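The values are calculated or read from the model by the stated rules, or taken from the named source; none is laboratory data. Everything numeric in this text was worked out from a predicted model, so none of it was measured. So basically every Cβ, Gly included, is an ideal-geometry build from the backbone, and we count neighbours across all protein chains shown. The protein model used for the area step is the full one, side chains on, heavy atoms only, and it has no ligands, DNA or RNA in it. Shrake-Rupley method; radii C 1.70, N 1.55, O 1.52, S 1.80 Å.
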Amino acid sequence: RQEDAPRPRRARIRAAAEPVEAPQEEDAPEEVQVDFSDEDAALAARSAGLELDEATAEEEAAERLAAEAPAAEDRFAGKSKEELVALFGKMLGEQPVQALRRDVEALKIAFYRLRRAEVEAEEEFSPAVDGAEVQLKELFREYRRRRDEFIAGLEAEKEKNLATKLGIIEELKELVDSDETLNHTFTKFRELQQRWKETGIVPQQHVKDLWETYNLHVENFYNFIKINKEL
């Protein structure tokens, strides 16, 4: 064999099992184009520690609002790794964290499609430290910190709302024993209804029982009014 002959670059198969033709010329291009699926890229991102928990209700609502906008994947198509990292930093600086999940998922997949192609293009499987990947991971940690902070604040707000709504229910109970005139009592009832509507969401595990209890006492109040009118 010829000791000084360049070793041919190994061709990889496509993710869909389509054959890739080996280079016909002796001088292989510097970059080998490899087509990886989103599933491969998502797995690579997960292996790198870039994984999120389930979406919150607020994040799902933001995704529904963004459904009519151009697909996130289209925004990141054709971008380099460095451009994707810059976009990530800009997103963190300009948008509320609860609106970012859809874009973050698409961006990290776009990044790891490029990263995996680079790794596969290496002759030896010992790729150098990727500065862009280091930056991406740092931004992802900051994103996850802000998201965790948002979720913690949201849960505290839900507990506060729960206490407020339980207090409204107690006030509803007292209305049927009130010595005030019906007009005054009914005005108070309308105020309690308005406060209930204006109070935000509560922890999910309390929603059903809380709503049923509230409706029960609203019905009791209407029965109280009906009886008084008949008397």
| task | Determine whether the range 202-209 contains at least one residue that is modelled with pLDDT of 90 or more, open to solvent by less than 80 Å² (accessible area, probe 1.4 Å) and not in a loop (DSSP other than H, G, I, E, B). | result | yes
| field | Every residue from the range 160-179 that is touching a residue at least 24 places away in the same chain (Cβ under 8 Å) and either closer than 30 Å to Asp103 by Cβ or part of a helix (DSSP H, G or I) (or both) | value | Asn161, Leu162, Thr164, Lys165, Leu166, Ile168, Ile169, Leu172, Lys173, Leu175
| message | From the list Glu142, Glu157, exactly one residue is part of a helix (DSSP H, G or I), within 20 Å of Ala48 (Cβ to Cβ), in contact (Cβ under 8 Å) with a residue 24 or more places away in the chain and open to solvent by less than 90 Å² (accessible area, probe 1.4 Å). Which is it? | response | Glu142
| Looking at Ala110, is it in a helix (DSSP H, G or I), more than 15 Å from the chain's Cα centre (by Cα), without any contact (Cβ under 8 Å) to a residue 12 or more places away in the chain and under 27 Å from Thr56 (Cα atoms)? | no
| query | On the given criteria, is Gln98 modelled with pLDDT under 95 and closer than 30 Å to Asp209 by Cα? | reply | yes
